[in-house]
Amino acid sequence: MIELFFVTCLLAEPARCSDHSLLFEEQNGLFTCMLQSQSELAKWMATHPAEQVREWKCRYAGENDREA
């Protein structure tokens, strides 16, 4: 599985962040994730107006969450 991993932070409290992920079929590959990620993040943000996306990346599911 390919995962769109992203971190969001509250607009009112920027230090309060959460990890999220959306899964894609592996047959579509990382390239498809990269192509679709911005529209998927826009949909997510439309339903979560109190948060902003701080970072995102496409990766194979199961990798470590945030890198140090």
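Looking at the stretch 10-64, which of its residues are of a type in the set (Val, Ile, Thr) and surrounded by 11 or more Cβ atoms within 10 Å (Cβ to Cβ)? Passing the criteria: THR32, VAL53. Tell me, which residue of the stretch 24-68 that is aromatic (Phe, Trp, Tyr) and not in a strand (DSSP E or B) is modelled with the lowest pLDDT? That would be PHE31. For the stretch 26-44, give me each residue that is in contact (Cβ under 8 Å) with a residue 24 or more places away in the chain and among the aliphatic types (A, V, I, L, M). Correct list: LEU30, MET34, LEU41.
The values are calculated or read from the model by the stated rules, or taken from the named source; none is laboratory data. The model shown is predicted, which means the values in this text are computed figures rather than measured ones. Every residue, glycine among them, receives a Cβ derived from its backbone with ideal geometry; neighbour counts consider all protein chains shown.
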